[in-house]
Amino acid sequence: MDKSILKKAYSQQDFNENGNRLIDKLTQHFKNTTSGKNLKTLSWNEPEKELTFWKDFLKNGAKEDFFSEVLKRTTHTHHPKYVGHQVSAAAPITTLSAMVSALLNNGMAVYEMGMAPSAIEKVVTDSICQKIGYKADYGGLLTSGGTLANLTALLSARRAKIKRDIWNEGYSEQLGIMVCEQAHYCIDRAVKIMGLGEQGIIKVPSKDNFAMDTAQLPSCYKEATAKGIHIFAIVGSAPSTATGAYDDLNAIADFAKEKNLWFHVDGAHGGAAIYSNKYNYLLEGIVHSDSVVIDGHKMMLMPTITTALLFKNKLHAQHTFNQKADYLLSEDEEDDWINSGKKTFECTKTMMCMHWYVLLKFYGEQVFNEFVTRQYDLAKDFEKTLLKDSNFELATSPMSNILCFRYIGNTLDDSKLNQLNTAIRQELLVEGEFYLVQTKLNGKQYLRTSLMNPFTTIDHLERLLEKIKAKGRHLSKNLR
Ligand SMILES: *Cc1c(COP(=O)(O)O)cnc(C)c1O
């Protein structure tokens, strides 16, 4: 491949030069975003215009400009005014682990295709299991996202709790899963993918604070069972996505035990609070779960995408996708940790374990303790600020770093307020100084902030509120 373009594609010199330039560029980007020196969190562009730009760039753009253009034309999670969706402002060291994973490209389905990462994954998942409080038989895996991890856990639950060999024979009865109506939509999606249909998801109503009303568990269960639904699993949210409300895991655990249900904890967002000395009480009862999901790319400072799925008994993980009919946990079954691909949906996956390990190795668990505690504290401060100002109304007191509120001004009715808050959010998006999102709760439109960024301070949030008030006053004139 002497003169070929393929040879160029593998040029060591190009790699070194481009790489060094890029690291300098990213360092500058990192500096400008975290300091807030870049005025904007995102430079909004209409989708069609963005599409045209990139079509044209492929033909006419200069190669050297590629990375700069990407940096300019995206959302900057490191900007302290980024208070939008739940992805982390990744710790820079994990950019380096991502790069190593990309170059080595070990697929990890079998041990030979990733010896170091297979062992590292076991070290990491074992340490999270210990933090949860699981004893002796625990084990886990890493997979591509909370959505996939929740589906995997529920398949494990089905395998463990249902005697019939559904994998091979299909269903002969209607099965069901219980979950709070406020749970992330991926639970609903998992139930549908599993072929349980709409009747297979039993939605437990929430309380005023949007957490599961566990007092209603017995009646929901009874009603579903009377319809012939065989319930085999229950999911607790830790917390749910829209409002960040933690379900009472102890209450759910008791119920699960009484009814012999698999107890799964969806801690995609806030499972990380097990590391917070101040806030780990929110997860009391998690030790009684059969499985737990925690996203690395949300509250654990990692880049997308890496999720830990932890099991109280590792043999359940090994049987999820097992095609053999007989399934009994046996004491002498070997721990098959070296064959990651048997336990995950993915055949090939990235060496995602390195992000967890590198953070633990360089900074220890303390980095997660500090981060989660800081962000949850900040939400409490933000709540205090909001409560002092009669222009705003909170959806509920925050239990985590997710906080929903709306501008109410003084004179508008609810339908107008919905329009108004939607319009405020749209203006903020187009302006791009701040990035926040929105959600509808009980028919009311709320502005929603997830405080994901360790550079965000209460001053930034006060400035956000000033902007919202100015917009609210101005925009409400058109709505009267
Ligand atoms: C984000 C989230 C998910 C989905 O996780 P992904 O990693 O985005 O697939 C599931 N459950 C909860 C509670 C979440 O917050």
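Could you give each residue of segment 125-142 its phi-based ³J(HN,Hα) in whole Hz, using Karplus coefficients 6.51, -1.76, 1.60 with θ = phi - 60°, and x for Gly or Pro?
Values, residue by residue: 5, 4, 5, 5, 4, 5, 5, 5, x, 4, 10, 6, 8, 4, x, x, 8, 10 Hz.
With the Cα gyration tensor of segment 178-241 giving a ≥ b ≥ c as the square roots of its eigenvalues, does the rule (a/c under 1.5 for rounded; else a/b larger than b/c for prolate; else oblate) give rounded, prolate or oblate? Intermediate values should be presented prior to the final figure.
On the way: a/c = 2.40, a/b = 1.16, b/c = 2.08.
Taking the square roots of the gyration eigenvalues as a ≥ b ≥ c, segment 178-241 is oblate.
Would you mind working out the magnitude of the charge dipole of the chain relative to its Cα centre, with +1 at each Lys and Arg C-beta and -1 at each Asp and Glu C-beta, to the nearest 20 Debye? Each step should come with its number before you reach the end.
Details: 57 positive and 55 negative charges, 276 e Å.
Its charge dipole is roughly 1320 debye.
With the cut-off at 1.5 for a/c, could you classify the chain from its C-alpha gyration tensor as rounded, prolate or oblate? All intermediate terms of the calculation are to be shown ahead of the outcome.
Numbers: a/c = 1.82, a/b = 1.10, b/c = 1.65.
It comes out oblate by the Cα gyration axes.
If you rank ILE234, ILE229, ILE408, ILE5 by fewest surrounding Cβ atoms within 10 Å, what's the result?
Working: ILE234 29, ILE229 20, ILE408 16, ILE5 7.
Least to most surrounded, the residues fall as ILE5, ILE408, ILE229, ILE234.
Taking only DSSP H segments of four or more residues, each worth -39500 (n - 2.57), what value at 222 nm results for the chain once the sum is divided by all its residues, to the nearest 500 deg cm²/dmol? Could you put the intermediate results ahead of the total?
Numbers: 17 runs with 210 residues, N = 480.
Calculated mean residue ellipticity at 222 nm is -13500 deg cm²/dmol.
Going through segment 1-108, which trypsin sites (Lys or Arg not before Pro) have at most 16 other Cβ atoms within 10 Å and a DSSP loop state? All intermediate terms of the calculation are to be shown ahead of the outcome.
Numbers: sites: LYS3, LYS7, LYS8, ARG21, LYS25, LYS31, LYS37, LYS40, LYS49, LYS55, LYS59, LYS63, LYS72, ARG73, LYS81; in loops: LYS3, LYS37, LYS40, ARG73, LYS81.
Of the trypsin sites (Lys or Arg not before Pro), the ones in loops of segment 1-108 whose Cβ has at most 16 other Cβ atoms within 10 Å are LYS3, LYS37, ARG73.
So what is the relative contact order for the chain, in percent, with contacts set as C-alpha pairs under 8 Å and at least six apart?
Values: 849 pairs, mean separation 103.9, N = 480.
Computed over the chain, the figure is 22 percent.
Return the long-range amide H neighbours of GLY236 (sequence gap of 5 or more, or a different chain), with a cut-off of under 5 Å between placed amide H atoms.
HN-HN under 5 Å from GLY236: HIS264, VAL265, ASP266.
With θ taken as phi - 60° and the coefficients 6.51, -1.76 and 1.60, list the Karplus ³J(HN,Hα) couplings across segment 185-202 in order, rounded to whole Hz; mark glycine and proline as x.
5, 5, 5, 4, 4, 4, 4, 5, 4, 6, x, 8, x, 4, 6, x, 10, 9
Take every Cα pair under 8 Å in segment 226-267 that's 6+ residues apart, average their separations, divide by the length, and report that relative contact order as a whole percent. Please report the intermediate quantities before stating the final value.
Working: 51 pairs, mean separation 20.5, N = 42.
Answer for segment 226-267 is 49 percent.
Please list 3J(HN,Hα) in residue order for segment 104-117, calculated via the Karplus relation 6.51 cos²θ - 1.76 cosθ + 1.60 where θ = phi - 60°; whole Hz, with x for glycine and proline.
So the J values, rounded to whole Hz, are 6, 6, 6, x, 6, 5, 10, 4, 4, 8, x, 5, 4, x.
For segment 338-381, rounded, prolate or oblate, judged on the Cα gyration tensor with a ≥ b ≥ c (square roots of eigenvalues), a/c < 1.5 rounded, else prolate if a/b > b/c?
Working: a/c = 4.27, a/b = 2.20, b/c = 1.94.
Verdict is prolate for segment 338-381.
What list do you get for PHE263, PHE57 if you sort them by fewest beta carbons within 10 Å? It would help to have the intermediate numbers written out before the result.
Numbers: PHE263 24, PHE57 14.
With the fewest neighbours first, PHE263, PHE57 line up as PHE57, PHE263.
What is the order of HIS474, HIS78, HIS29, fewest Cβ neighbours within 10 Å to most? The partial results should precede the final answer.
Numbers: HIS474 12, HIS78 23, HIS29 18.
Result, fewest neighbours first: HIS474, HIS29, HIS78.
Using Cα-Cα distances under 8 Å and only pairs 6 or more residues apart, what relative contact order does segment 206-314 have, in percent? Could you put the intermediate results ahead of the total?
Values: 178 pairs, mean separation 22.7, N = 109.
Result for segment 206-314 is 21 percent.
Values quoted throughout were computed directly from the atomic coordinates according to the rules given, and no laboratory measurement underlies them. Keep in mind that what you see is a predicted model, and the values were worked out from it rather than measured. Positions of Cβ are generated from backbone atoms using ideal geometry, with glycine treated the same way; all protein chains shown enter the neighbour counts.
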